[in-house]
Each structure stands twice: as C-alpha cells, then as structure tokens.
Amino acid sequence: MAASADSWVEVTDATGNILFSRVLHAGESWPVPDESGLTLTTGNAGGTEIVTDGKTSAPLGATGVVLHNYVLTPPAAAKSPTPQAATP
C-alpha cells in the first residue's frame, strides 16, 4: 500500500485487531501482510493506492473521501491466475 498524498490509514485483520494505524505521507508505503481477511479504512481514498508486483493501482477513490472496509487481497492471491472455464 502506498500514499500519493497524506492519508490516514488503518488495516485490521479478520478478528478486528488493528495491524497498522497512522498517517502515511506522500511517497511512503507499508507492506500489506500476505494473509486473508484484512480490511483497510482510509481518510483520503484519493491519496491511497495498492501496489502489487511493482504495479500501482489507481487511487482508491476521490481526494478527501473516507473509504471504509476495503478488502485487501493477499499479494499471493492477486498474483494467482484466474481459472479458465472449461471449453466443451
């Protein structure tokens, strides 16, 4: 996860325990643990981006918008190929 602008972020696990909670300043990042059930809340969706395999997503929303309960896909799952449907 990376910040393109100052953004308060909080990541919780599946049981609600807070794993990370602070302001990420522009240019800072935090490595998301490779586990399922993580959710993100951010006070500035427009300044928060997800980085997977060196590729940065678009901002998670508009500048200043509060985003609650964004599900963070584990990095390993994001790399897994999507199963193809069987062809008859």
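Read the figures in this text as sums done on the coordinates, not as results from a lab. Computed from a predicted model, the values in this text were never measured in an experiment. Note that each Cβ is placed from the backbone with ideal geometry, even for glycine, and that neighbours are counted across all protein chains shown.
Which residues, counting only those in the stretch 1-15, are free of Cβ contacts under 8 Å to residues at least 60 places away in the same chain and part of a loop (DSSP other than H, G, I, E, B)? Of everything in the stretch 1-15, those that are free of Cβ contacts under 8 Å to residues at least 60 places away in the same chain and part of a loop (DSSP other than H, G, I, E, B) turn out to be S4, A5, D6, D13, A14, T15. Among the residues of the stretch 16-69 satisfying the criterion of being assigned to a loop (DSSP other than H, G, I, E, B) and of a type in the set (S, T, Y), which is nearest to A5 (Cα to Cα)? Going through the qualifying residues, I end up with T63.
Residues that are under 16 Å from S57 (Cβ atoms) and in contact with a Gly (Cβ under 8 Å, 6 or more places away or on another chain) within the stretch 3-23 comprise A3, S4, A5, S7, V9, listed in sequence order. The condition (being in contact (Cβ under 8 Å) with a residue 24 or more places away in the chain, under 15 Å from Y70 (Cβ atoms) and surrounded by fewer than 18 Cβ atoms within 10 Å (Cβ to Cβ)) is satisfied by just one residue among S36, S21, S29: S36.
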